[in-house]
Amino acid sequence: MKFAIFGNKHQTKKSKSIEQLFGAIGAHGDTFAIDKPFYDFLLSNGFSIPSPAEFIEGNSFSADIAISFGGDGTLLRTASRIGNKEIPILGINAGRLGFLTTTSNDNIDYVIDKIHKGEYDIEKHSLIEAVTNGGTLKNYPFALNEIAVMKHDSSSMITINVTLDGCDRITYQADGLIVAAPSGSTGYSLSVGGPIIAPDAKVLVLTPIAPHSLSARPLVISDKATIEISVSSRSGNYLIAIDGRNESCDERVTITVRKAAYKQLIIRRREHSFIQNIQEKLMWGADIRE
């Protein structure tokens, strides 16, 4: 089996269990490719690393399974590197909360063993994509979590006009608007009042950011919908954030958001469900008085 390894290359303490991962891979006689910047980061911080089968530079690589070692942000970056290759991702949580990276970094040997025994499930997560009415976005246009349009500066709110399937129109006066896929419902959207959505639900959610009107509430729509977004602002521009990858857009540029033609494959342990995950991460339904 061949793994492709990606990781957080900014905080040394988050990589403290990486040697255990390499040991588990070697114990099963597997090979691995590793993202070159992550490899250089580990070497510079004194980690003991076996020789990889190859280095990953760019997005041209192959593997049976990709391993994202970090937090959810690292997994989102890994997904953007994989694109439509249909390589499943195993997220090992070396970050904080970790909704997508559900495998703890203290049971790496156990999880790698389960993978070799085939005792795991693969979830198919919908992605969304952003298309402009002219020109090309600088960043990768596909998102596993969300696509958001936001004000470019801190001075005033923006006006966001949304058209659904070419007919229904909604206007938001707000700091921004999030279009979240089910996987992203526990991310930015949740932090501004959006609903939690199961990863296999065939829906998207529109969640306004700090709306001027209290009647502007999150809206759940079919994932078959085509969402056209235009923005007007005093500064004449706005920000678009695609899974945290930000870039500036002129207000004359409109964005169309729709479900992508492919899905991202994410590995989940069979004994760990989505409901169990939110119960643990959010203490959902817990009574602290007990």
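At-a-glance table
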quantity: Tabulated pairs, segment 51-74, first within 17 Å of LYS2 (Cα to Cα) and free of Cβ contacts under 8 Å to residues at least 12 places away in the same chain, second assigned to a loop (DSSP other than H, G, I, E, B) and of a type in the set (S, T, N, Q), C-beta under 7 angstrom, 6+ apart or interchain; calculated: none
quantity: Qualifying positions in segment 82-130 - in a strand (DSSP E or B), over 20 Å from GLY7 (Cα atoms) and either of a type in the set (D, E, K, R) or out of contact with any Pro (no Cβ under 8 Å at 6 or more places or on another chain) (or both); calculated: TYR120, ASP121, GLU123, LYS124, LEU127, ILE128, GLU129
quantity: Verdict on SER222 being small (Gly, Ala, Ser) and either free of Cβ contacts under 8 Å to residues at least 12 places away in the same chain or closer than 30 Å to ILE65 by Cβ (or both); calculated: no
quantity: Condition met for ILE278 (in contact (Cβ under 8 Å) with a residue 12 or more places away in the chain and part of a helix (DSSP H, G or I)); calculated: yes
quantity: Filter pass, ILE112 being assigned by TED's automatic domain parsing to the domain that holds ALA241 and crowded, with 22+ Cβ neighbours inside 10 Å; calculated: no
quantity: Test: residue in segment 90-109 that is touching a Lys or Arg at 6+ places or on another chain (Cβ under 8 Å), loosely packed, with under 15 Cβ neighbours inside 10 Å and at pLDDT 95 or above; calculated: no
quantity: Condition broken by VAL203, with the remaining ones in (1) among the hydrophobic types (A, V, I, L, M, F, W, C); (2) under 15 Å from ARG258 (Cα atoms); (3) touching a residue at least 24 places away in the same chain (Cβ under 8 Å) satisfied; calculated: (3)
quantity: Of all residues in segment 45-72 being outside any loop (DSSP other than H, G, I, E, B), at pLDDT 90 or above and small (Gly, Ala, Ser), the one that is surrounded by the most Cβ atoms within 10 Å (Cβ to Cβ); calculated: SER68
quantity: ALA241 being buried (at least 17 other Cβ atoms within 10 Å of the Cβ) and either hydroxyl-bearing (Ser, Thr, Tyr) or not in a loop (DSSP other than H, G, I, E, B) (or both); calculated: yes
quantity: Any strands (runs of 3 or more DSSP E) falling wholly within segment 157-235 and containing at least 1 residues that are hydroxyl-bearing (Ser, Thr, Tyr) and in contact with a Gly (Cβ under 6 Å, 6 or more places away or on another chain); calculated: 203-209
quantity: ILE128, sole failed condition from (1) more than 20 Å from PHE38 (Cα to Cα); (2) among the β-branched types (Val, Ile, Thr); (3) over 18 Å from the mean Cα position of the chain (by Cα); calculated: (3)
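The values are calculated or read from the model by the stated rules, or taken from the named source; none is laboratory data. Only a predicted model underlies this, so the values are computations on that prediction, with no experimental measurement involved. We place every Cβ from the backbone using ideal geometry, glycine too, and count neighbours over all the protein chains shown.
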